[in-house]
């Protein structure tokens, strides 16, 4: 009853083997059709914003150009053009009258708050012992109320180091005897070397002194 002839067994075994091969074949085909290659580069690149501290550190590392260097290459003609916005309040001629602001002839190196006939604010009167050096003028023009809190001057200030240097060069020209431009200070590393070279005796002089007279 439970017997099975050889032919029947072979048919069943063949059917099972064929089914197994069919399943394996379908898996191979499906993998070839639906396999996704890993991309070499991400399709969408997202750049994260730079941390605030890192940005400030990078800005701090950038060397600032000195006022002396800016003035050495400043253009007084461009400064005169920038001064046009100031003409409503200031005159620049020798002996020119004061207007809303004082006359600015010979202003560079002039004592602060001392132009005759002009009613200065108290904060500028208190600075009468100081002079309108290039540095003080630059700081005042940058932001008047920061350099002289309480000043009556309503001007908001001028941005741009080079632009202010041009204006300072023009103000310097408003004089019969313009003051000298500031000189770039030697770096701390170079200064000792310069002092050492200045104090070191000349080798040529020593050699000539040691030679016997003929």
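The values are calculated or read from the model by the stated rules, or taken from the named source; none is laboratory data. Just so it is clear, the model here is predicted, and its values are computed rather than measured. Cβ coordinates were reconstructed from backbone atoms using ideal geometry, including for glycine residues, and neighbour counts include every protein chain displayed.
Points worth noting:
- Any hit, segment 113-120, residues being in contact with a helix residue (DSSP H, G or I) (Cβ under 6 Å, 6 or more places away or on another chain) and surrounded by 14 or more Cβ atoms within 10 Å (Cβ to Cβ): yes
- Flag: residue 182 matches the condition of being surrounded by 11 or more Cβ atoms within 10 Å (Cβ to Cβ), closer than 19 Å to residue 71 by Cα, at pLDDT below 95 and out of contact with any strand residue (DSSP E or B) (no Cβ under 6 Å at 6 or more places or on another chain).
- Of everything in segment 121-154 that is free of Cβ contacts under 8 Å to residues at least 24 places away in the same chain and within 16 Å of residue 89 (Cβ to Cβ), the residue that is nearest to the chain's Cα centre (by Cα) is 140.
- Test: residue 168 is assigned to a helix (DSSP H, G or I) and either closer than 24 Å to residue 182 by Cα or free of Cβ contacts under 8 Å to residues at least 12 places away in the same chain (or both): yes
- Residues located in segment 90-100, provided they are within 18 Å of residue 174 (Cα to Cα) and either loosely packed, with under 13 Cβ neighbours inside 10 Å or at pLDDT below 95 (or both): 93, 94, 95, 97
- Breaking point among (1) at pLDDT 90 or above; (2) part of a helix (DSSP H, G or I), for residue 193: (1)
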